[in-house]
1. Compute the Cα gyration tensor for the stretch 3-174, then decide on rounded, prolate or oblate, letting a ≥ b ≥ c be the square roots of its eigenvalues: rounded whenever a/c is under 1.5, prolate when a/b is larger than b/c in the other cases, and oblate in all that remain.
2. Before anything else, pin down the relative contact order of the stretch 1-122: Cα pairs under 8 Å, at least 6 apart, normalised by residue count, whole percent.
3. Can you give me the distance in nm between label points at LEU63 and GLU189, each placed 7 Å from the Cα along the Cα-to-Cβ direction?
4. Along the positive direction of the dipole of the stretch 1-144 (beta-carbon charges: Lys, Arg +1; Asp, Glu -1; about the Cα centre), which of THR54, ALA82, LEU130 reaches farthest?
5. Where does the chain land at 222 nm, in deg cm²/dmol rounded to the nearest 500, when only DSSP H runs of n ≥ 4 count, each adding -39500 (n - 2.57), divided by all residues?
6. Helices from the chain with mean Kyte-Doolittle at least 1.6 and a Cα length along the axis of 20 Å or more, per DSSP H: which?
7. Specify which residue in the list ALA15, MET43, ALA139 is farthest towards the positive end of the charge dipole of the stretch 3-174, using unit charges on the beta carbon of Lys, Arg (+1) and Asp, Glu (-1), about the Cα centre.
8. Hey, with R₀ at 22 Å, roughly what FRET efficiency would GLU115 and ILE140 work out to, going by the Cβ-Cβ distance, to 0.05?
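Quick note: the coordinates plus some simple rules give every number you see, no bench work behind them. Note that the coordinates shown come from a computational prediction; the quantities given were computed from them, not determined experimentally. Glycine gets a Cβ as well: all are built from the backbone with ideal geometry, and neighbour counts include every protein chain shown.
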Amino acid sequence: MTRRIVVGVGGASGAPYAARLLDFLRDHADALELEPHVVFTKMGRLVWTDEVGTDPASYGFPLYSPGDMTAPFASGSARFDAMIVMPCSAGMLGRIAHGLSIDLVGRAADVMLKERRRLVLVLRESPYSLVHTRNMSAAIEAGAVVMPASPSFYSRPEGVDGLLDTVVGRALDLLDIDNALMRRWTGRETP
């Protein structure tokens, strides 16, 4: 059975994370029986242009405008399975945590929470303020998973793409999507 997922691209710096996620989904969606739908925030599209520079329509996924509240995943009755916001700005996190649906990304996230569906927020912010941590707590209490975009190094990633893969691979894990983007920890060998 095909799993339908929403990919929200927020306005924080970190569009290459979203590009790598969309690369993976383009290459594996059919085999993994996934149906991605993509929406950018207004700032997300501007940051994408600055940091990635390609046309997001080239991935071939349904692409929605940030103000399109008629998109299928704007309603719980459409029964989408999961959503990821990558990257997620601190402002978007706060709006999601407090149910402020000012655009389609926020509305879709609100739908995921109210329908008790998986919502992964890949936060790209540093350092955190007390406001940020309180918003993280509120989002987690509401049912979201907050995952800071923190690359790992134990797999000895090669170059920027390798670092991106350590974050994207973990985010895919949280969506229960099989991937082999990075070498997984198997324990430390003892002498």
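1. Cα axes put the stretch 3-174 in the rounded bin.
2. Computed value for the stretch 1-122: 33 percent relative contact order.
3. Between LEU63 and GLU189, the label points sit 4.6 nm apart.
4. Positive-most Cα among the choices belongs to LEU130.
5. Computed mean residue ellipticity for the chain: -12500 deg cm²/dmol.
6. none
7. Farthest towards the positive end: ALA139.
8. Efficiency, rounded to the nearest 0.05: 0.80.
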